[in-house]
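Asker: Please read through the structure below; I'll follow up with questions.
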Amino acid sequence: MNADGRVQVKEIDRPDVKSHQALVATIAGGICGTDATLLQCSFKGVGPASYPLVLGHESVGRVIDVGEDVISYKRGDIVLLPFVPQPSADGQNLGSAWGAFSEFTLVDDAAAFATGKIAGLAPEAAFAQSIVPASIDPVDATVIITLREVLSGIRVSGIDLGQPIIIYGSGPVAMAFTALLRQLCAEQLIAVVRSDEKAELMRRFGASSTINSCAQSVQDGLRDLEVSGVGAVIDAVGSASVINEGIPLLQDRGIMFCYGVPKTHSMDLEWSEAPYNWTLKFQQFPRKDEEGECHQQIVDWAECGDIVLSKFISEIVPVDDSPELFERYLAGRTSGKIVLKF
């Protein structure tokens, strides 16, 4: 994509494979809210000098070549979370927003570094790059990445599953929080949405109750549910207004948990109606070691049917149609997880 937010499908160079890496032919890649923030040129730490850049960080592909020091991967393995850290086109460097919406990508083998043959430390991503079992469709497997990220966030959140929890949003991240918290036996999950259609969607993913904020205030909705305060409010949207609206809903020592990435980097924080004791916590960039530790749990739930990956996907779109798809995505004319097929 260019600095003006235009998305193009272009030929770029195939990445060079180092001895500790495997070359991956991409099968599919999921679109994430982070991609939207990058398209709007508002992602923290990615300035104008980084553009043009290659998007994508939720891809799955097949290993087609391996470096001589690779231990963990072999040709034919289906892997997730490959990146292209240093993309180029005709030898000219491009920026990388992880670069996984590329025909060819790379995984690094952390085990190769552990042998001492490779100088330096393994890249952080190597600890989350994982093999997908044959029992899981590679296109569906793109959803595993979202679920791992969210589960790793839940594990470090400090949220009390025995207290009522509010989740703002109805997109893939909100779906993931709802499904995973239900799987973890959270007692009361309240989804705040903006339509009856979205309310029904969130109930299908495990919300025990819903509040349509276009029909009534969230505080009135809580009174109807006889809930006087909640243990946590999860912002799965990325909105300063959600943060200020959510803080007064907390009970003593409640947590305002911000997972969605806001489009701005500052705000006026209003806590005059908050309890005296509360926590504001931002968790917006999963640590890859923690994400990797969640991989097997998500796979186990998917294999036994407790989590149905395909339910999260609303569209599978050929990668050549991605410019038009991103226009619809930014205009809010899509729902669910969208996957680009290569």
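The values are calculated or read from the model by the stated rules, or taken from the named source; none is laboratory data. Being a predicted model, the structure only gives us computed values, none of them experimental. We place every Cβ from the backbone using ideal geometry, glycine too, and count neighbours over all the protein chains shown.
Asker: Looking at (1) farther than 20 Å from Phe104 by Cα; (2) assigned to a loop (DSSP other than H, G, I, E, B); (3) out of contact with any His (no Cβ under 9 Å at 6 or more places or on another chain); (4) among the hydroxyl-bearing types (Ser, Thr, Tyr), which is the one condition that is false for Thr37?
Answerer: For Thr37, the failing item is (2).
Asker: Of these, Gly260, Gly254, which one is under 21 Å from Thr178 (Cα atoms), of a type in the set (Gly, Ala, Ser), modelled with pLDDT of 95 or more and assigned by TED's automatic domain parsing to the domain that holds Gly169?
Answerer: Just one listed residue meets the conditions, Gly254.
Asker: Pairs, please: C-beta under 8 Å, at least 6 apart or cross-chain, first residue part of a loop (DSSP other than H, G, I, E, B) and in region 326-342, second of a type in the set (Val, Ile, Thr)?
Answerer: The qualifying pairs are Gly336/Ile313; Phe342/Thr26; Phe342/Ile27; Phe342/Val319.
Asker: Please indicate, with yes or no, whether at least one residue in region 279-301 is aliphatic (A, V, I, L, M) and assigned to a helix (DSSP H, G or I).
Answerer: yes
Asker: Applying the selection to region 46-74, what residues are over 17 Å from Asp4 (Cα atoms), within 24 Å of the chain's Cα centre (by Cα) and in a loop (DSSP other than H, G, I, E, B)?
Answerer: Passing the criteria: Gly56, His57, Glu58.
Asker: Would you check if Val24 is among the aliphatic types (A, V, I, L, M) and assigned to a loop (DSSP other than H, G, I, E, B)?
Answerer: no
Asker: Could I ask something else about it? Within region 166-218, take every residue that is within 16 Å of Glu149 (Cβ to Cβ) and β-branched (Val, Ile, Thr) and give me the one that is surrounded by the most Cβ atoms within 10 Å (Cβ to Cβ).
Answerer: Checking each candidate, the answer is Ile167.
Asker: Moving to a separate point now. Taking only pairs six or more apart or across chains, which ones have beta-carbon atoms under 8 Å, a first residue in region 66-84 that is within 25 Å of Cys294 (Cβ to Cβ), and a second residue that is part of a strand (DSSP E or B) and modelled with pLDDT under 95?
Answerer: Short answer, once both residue conditions are applied: none.
Asker: When the residues of region 2-26 are narrowed to those that are in contact with a helix residue (DSSP H, G or I) (Cβ under 9 Å, 6 or more places away or on another chain) and within 28 Å of Tyr259 (Cα to Cα), which ends up surrounded by the most Cβ atoms within 10 Å (Cβ to Cβ)?
Answerer: Thr26
Asker: Considering region 271-297 alone, what residues qualify as being surrounded by fewer than 17 Cβ atoms within 10 Å (Cβ to Cβ) and over 21 Å from the mean Cα position of the chain (by Cα)?
Answerer: Trp271, Ser272, Glu273, Pro275, Tyr276, Asn277, Thr279 - these are the residues of region 271-297 that are surrounded by fewer than 17 Cβ atoms within 10 Å (Cβ to Cβ) and over 21 Å from the mean Cα position of the chain (by Cα).
Asker: Within 20 Å of the chain's Cα centre (by Cα) and assigned by TED's automatic domain parsing to the domain that holds Ser209: which single residue out of Asp235, Asp268, Asp300 fits that description?
Answerer: Criteria check complete, one pass: Asp235.
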